[in-house]
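The values are calculated or read from the model by the stated rules, or taken from the named source; none is laboratory data. From a predicted model like this one, the values you see are computed outputs, not experimental measurements. Using ideal geometry, Cβ is built from the backbone for each residue, glycine included, and neighbour counts are taken over all protein chains shown. These area figures cover heavy atoms from the full protein model, side chains too; ligands, DNA and RNA do not enter into them. Shrake-Rupley method; radii C 1.70, N 1.55, O 1.52, S 1.80 Å.
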Amino acid sequence: MTKIYLLTLSWMMAFSINAQVLLQGFYWDVPVDVENKKGTWYKHLESKLPYLQEIGVTGIWSPAPSKGNWGIYDMGYGIYDHYDLGDFDQIGTRSTRFGTRSDLKDFMNQAHQLGINVYADVVLNHMYSFQDKDLEANPAVKHYLLNRKQKHSGYPVNELRFGIQLEQNQTVQIKLANVIQKNAITGYRLKISNQSDMLNANSRFHPIKGKNNPYGYWEGVMESEATVAYQIHQNANQMLWLQLEVLNQDMAWSDQSNGLSIVSITDENGKEVDWKVYSYTGIQPESKKIQWSYNHFHPSSKKDYLLNYPDTGGIVANSKLFGHDFDHQSHYVRKHLINWGKWLLGDVGYDGARLDFVNGIDPLFVKDWTNEVIGDSLFCVTEFFTNSDKQIERWNKTVNTDNVATVKSFDFPLKKLLTDMCNSDEKEFDMQKLVDAGLISTLPQERIISFVENHDTGKEHDKWIVKDWNLAYSYILFHEPTPCLFYSHLFPTKQVDYHTKKDSVLVDSDLPELIETCLKLREILSGPSIGDSIYTSEHQYVAFRKGLQNYDGAILILNNRSNDAEKLRIDLRSFGLNQVDASFIDILHPETIVSVEDHFIHTTTPKRGVSLWMTLKDYQLLFKSNL
């Protein structure tokens, strides 16, 4: 009895792991009703749930739910109010880009009724604000602008305001200099206004002669430094706001963090006046659950600094790559981000989380956050955006050591390899690279999520798979790690490059049918894939996986030849199969059935195509077919 129980438990565990299939339930710039300021995506996703249940999707990675700095346009990564999920009328809208809190609740309730989990996209690295009400004096950034070292990264000056209280008819000298590149030839545009939004500073003017229109911008090209004299022609004291933009020698937009800054403001006698640097970090969201200040973001003090994010990838916890970069050493920051996570997965009802851009977060904070928020029962996958399997391996092992949570990683190295395979011809790509490809060679399969495309790679054409998606999907759906489907592939949707606005891509219309068939097969596969070196070559990849219970398993063949079908004579005994009097069927082309001849089958795989072979008996059982 004990033996039977253990065998049954083992099968159930294998089936549970194998049956997990994720869907990224959105892509970049999903449709939104801008005119009525209403998001419709949650309702759209809700309409897809019955189909997703039918094909075997068990979890949906849903969009970042919190209200963003750009209101109805924001994809959620410009997070502004953590606790506004479409509840509060702020930034010009109550709804997020995806819908209201009520829409989210309806979508989640329906998903749960159908046995589908919903995972929140959680942004812990940064938040945004460019709301004038959130401007605050920031002595840490002023100190950083004036004392930055060469090895440190700059602060984008266009995101700041400089402020000075002027007396009536006062003249001031505003000195600009590059504190890093002392003799650099640099263009600049200095905006001057009595309003922090600078809306009345959109015309070029001469600051010392502008009696009729005292506000506008003054621009020029400087070497080493420049001084702009400005006289206020008013009969009362007032606050003067300045904004600096960095230009190149041709007066075109340039690197805003190259070191150019206002370095002093003096009166007509050369005496330094009291001027301040203001940042949009005094954030007071409408939900009133958290209030933020400059000392919660890098640089948070006079001792703090910024670093560039390297092209080689890695972890940089104080890189201002996105918005206001959280200082995760702050007890206040850590406490409130953990509490917010508990609220999302507790009160709101999410079943787990996808963590955005963990490259920019102290790994020990990710470990603490997942330990407290995810615990030993909820789901968590992370975005460590790099093609280096070694970097992801080290990070994943650090976060999982002595952690009750199981923290998974998206397999970016495999994504890069699959992109190369699909986009290249047989002369450019060696199919033998697919053997133990990606993170499977360094991490246990239960800590890996494979994927073909996502919202980030899907919005930039240089990262797209542009053809032969069938090769990539048949690979990830056949192998052990949990796969994540991309919405625009399962529901063919044109992707447009976010930057160029003209490059576009659309998957083949028959891709969803292949995905459905592969998902059905995946239900009965068990254990690791076995790649046989006898059959895998530069032009073909061959792998076998055993089946659960009474199923014999299946053989996957990928062919990257552009002109010829691939014919193989496969000895079934090389995969532990001993069929003598049986037939095999290619489940992707069910009209193709071959008989076993003395332990061998003769297979044919279409050019740039896939074949998936299983016994006819298993096929009839799995697909309820009378063939």
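If you check residue 113 against the conditions, is it closer than 30 Å to residue 32 by Cβ and polar (S, T, N, Q)?
yes
So which residues in segment 206-224 are at pLDDT 90 or above, out of contact with any Lys or Arg (no Cβ under 6 Å at 6 or more places or on another chain) and not small (Gly, Ala, Ser), if there are any at all?
Within segment 206-224, 215, 218, 221, 222 qualify.
Please count how many residues of segment 113-137 are open to solvent by 10 Å² or more (accessible area, probe 1.4 Å) and within 19 Å of residue 239 (Cα to Cα). Step through it out loud before you land on a result.
At the first step, the residues of segment 113-137 found to be open to solvent by 10 Å² or more (accessible area, probe 1.4 Å) are 113-115, 117, 119, 128, 130-133, 135-137.
Adding the requirement that they be within 19 Å of residue 239 (Cα to Cα) leaves 131-133, 135-137.
Final tally of qualifying residues: 6.
Condition (residue is surrounded by 15 or more Cβ atoms within 10 Å (Cβ to Cβ), more than 29 Å from the chain's Cα centre (by Cα) and of a type outside the set (Ser, Thr, Tyr)) applied to segment 282-290: is it met by at least one residue?
Taking segment 282-290 and keeping what is surrounded by 15 or more Cβ atoms within 10 Å (Cβ to Cβ), we get 282-287, 290.
With the extra rule that they be more than 29 Å from the chain's Cα centre (by Cα), the set shrinks to none.
Checked segment 282-290: no residue is surrounded by 15 or more Cβ atoms within 10 Å (Cβ to Cβ), more than 29 Å from the chain's Cα centre (by Cα) and of a type outside the set (Ser, Thr, Tyr).
Show the residue pairs that are 6+ apart or on different chains and have beta-carbon atoms under 8 Å apart, the first residue being within segment 612-626 and free of Cβ contacts under 8 Å to residues at least 60 places away in the same chain and over 13 Å from residue 522 (Cα atoms), the second being in a loop (DSSP other than H, G, I, E, B) and open to solvent by 60 Å² or more (accessible area, probe 1.4 Å).
Within 8 Å, the pairs are 616/627; 620/626; 620/627.
Out of 288, 303, 320, which single residue is assigned to a loop (DSSP other than H, G, I, E, B), modelled with pLDDT under 95 and of a type in the set (Lys, Arg)? If you could, list the steps in order and put the result at the bottom.
Numbers: 288 fails: modelled with pLDDT under 95; 303 fails: modelled with pLDDT under 95.
None of the other options fit; the residue is 320.
Which of the residues spanning segment 501-535 are within 23 Å of residue 561 (Cβ to Cβ), of a type outside the set (A, V, I, L, M, F, W, C) and modelled with pLDDT under 95?
529, 531, 532, 533, 535
Output the strands (runs of 3 or more DSSP E) that fall wholly within segment 542-627 and possess 3 or more residues being within 38 Å of the chain's Cα centre (by Cα) and modelled with pLDDT of 95 or more, or say none. Please lay out each step first, then the result.
Details: elements: 554-559, 566-571, 583-586, 593-595, 600-605, 609-615.
It comes to 554-559, 609-615.
Can you name every residue in segment 90-114 that is more than 11 Å from residue 40 (Cα to Cα), hydroxyl-bearing (Ser, Thr, Tyr) and touching a residue at least 40 places away in the same chain (Cβ under 8 Å)?
Passing the criteria: only 93.
Having 1 or more residues that are of a type in the set (D, E, K, R), more than 30 Å from residue 516 (Cα to Cα) and modelled with pLDDT under 95 is the bar; report the helices (runs of 4 or more DSSP H) wholly within segment 1-113 that clear it. Working first, answer last.
Numbers: elements: 2-19, 41-55, 101-113.
Correct list: 2-19.
Could you tell me whether residue 434 is more than 19 Å from residue 314 (Cβ to Cβ) and within 21 Å of the chain's Cα centre (by Cα)? Write out each step before concluding.
On the way: more than 19 Å from residue 314 (Cβ to Cβ): yes; within 21 Å of the chain's Cα centre (by Cα): no.
Judged against the criteria, residue 434 is not a match.
Looking at segment 185-202, is at least one residue assigned to a loop (DSSP other than H, G, I, E, B), of a type in the set (Gly, Ala, Ser) and over 21 Å from residue 278 (Cβ atoms)? Talk me through it step by step, then tell me what you get.
Initial filter on segment 185-202 (assigned to a loop (DSSP other than H, G, I, E, B)): 194-202.
Filter once more, keeping what is of a type in the set (Gly, Ala, Ser): 196, 201.
If we keep only those that are over 21 Å from residue 278 (Cβ atoms) too, we end up with none.
No, segment 185-202 has no match at all.
Based on what the data block shows, is residue 278 under 15 Å from residue 144 (Cα atoms) and open to solvent by 30 Å² or more (accessible area, probe 1.4 Å)? Steps first, answer last, please.
On the way: under 15 Å from residue 144 (Cα atoms): yes; open to solvent by 30 Å² or more (accessible area, probe 1.4 Å): yes.
Spelling it out, residue 278 is indeed under 15 Å from residue 144 (Cα atoms) and open to solvent by 30 Å² or more (accessible area, probe 1.4 Å).
Would you check which residues across segment 260-275 are polar (S, T, N, Q) and either at pLDDT 95 or above or open to solvent by less than 60 Å² (accessible area, probe 1.4 Å) (or both) and list them? Working first, answer last.
The first filter runs over segment 260-275 and keeps only residues polar (S, T, N, Q), leaving 261, 264, 266, 269.
Within segment 260-275, 261, 264, 266 qualify.
Show the residue pairs meeting these rules: Cβ distance below 9 Å; 6+ apart or different chains; first residue within segment 529-546 and of a type in the set (Lys, Arg); second residue in a loop (DSSP other than H, G, I, E, B) and open to solvent by less than 10 Å² (accessible area, probe 1.4 Å).
That search, which allows pairs on different chains as well, returns 545/553; 546/553.
Looking at segment 136-173, which of its residues are farther than 12 Å from residue 294 by Cβ, of a type in the set (Ser, Thr, Tyr) and under 30 Å from the mean Cα position of the chain (by Cα)? Even if it seems obvious, please write down each step before you answer.
Taking segment 136-173 first, the residues farther than 12 Å from residue 294 by Cβ are 145-154, 156-159, 161-173.
In the following step, the residues that additionally are of a type in the set (Ser, Thr, Tyr) were identified as 153, 171.
Across segment 136-173, the qualifying residue is only 153.
If you go through segment 230-243 one residue at a time, how many are open to solvent by less than 30 Å² (accessible area, probe 1.4 Å), within 15 Å of residue 166 (Cα to Cα) and assigned to a strand (DSSP E or B)? Step through it out loud before you land on a result.
Of segment 230-243, the ones open to solvent by less than 30 Å² (accessible area, probe 1.4 Å) are 230, 232, 240, 242-243.
Of the ones still in play, those that are also within 15 Å of residue 166 (Cα to Cα) are 230, 232, 240, 242.
Okay, now just the ones that are also assigned to a strand (DSSP E or B), so 230, 240, 242.
Result for segment 230-243: 3.
Assess whether residue 406 counts as being closer than 25 Å to residue 356 by Cβ, among the β-branched types (Val, Ile, Thr), in contact with a Phe, Trp or Tyr (Cβ under 8 Å, 6 or more places away or on another chain) and modelled with pLDDT of 95 or more. Write out each step before concluding.
Values: closer than 25 Å to residue 356 by Cβ: yes; among the β-branched types (Val, Ile, Thr): yes; in contact with a Phe, Trp or Tyr (Cβ under 8 Å, 6 or more places away or on another chain): no; modelled with pLDDT of 95 or more: yes.
Answer is no for this residue.
Write out, first by first residue and then by second, each pair whose Cβ atoms fall under 9 Å of each other, whose residues are 6+ apart or on separate chains, and whose first residue, in segment 278-303, is closer than 18 Å to residue 89 by Cα while the second is aromatic (Phe, Trp, Tyr) and open to solvent by less than 20 Å² (accessible area, probe 1.4 Å).
Pairs found: 283/80; 283/292; 284/292; 285/80; 285/292; 289/340; 290/340.
Can you name every residue in segment 179-220 that is among the hydroxyl-bearing types (Ser, Thr, Tyr) and surrounded by fewer than 19 Cβ atoms within 10 Å (Cβ to Cβ)?
So in segment 179-220, the residues among the hydroxyl-bearing types (Ser, Thr, Tyr) come out as 186, 188, 193, 196, 203, 215, 217.
The answer is 196, 203.
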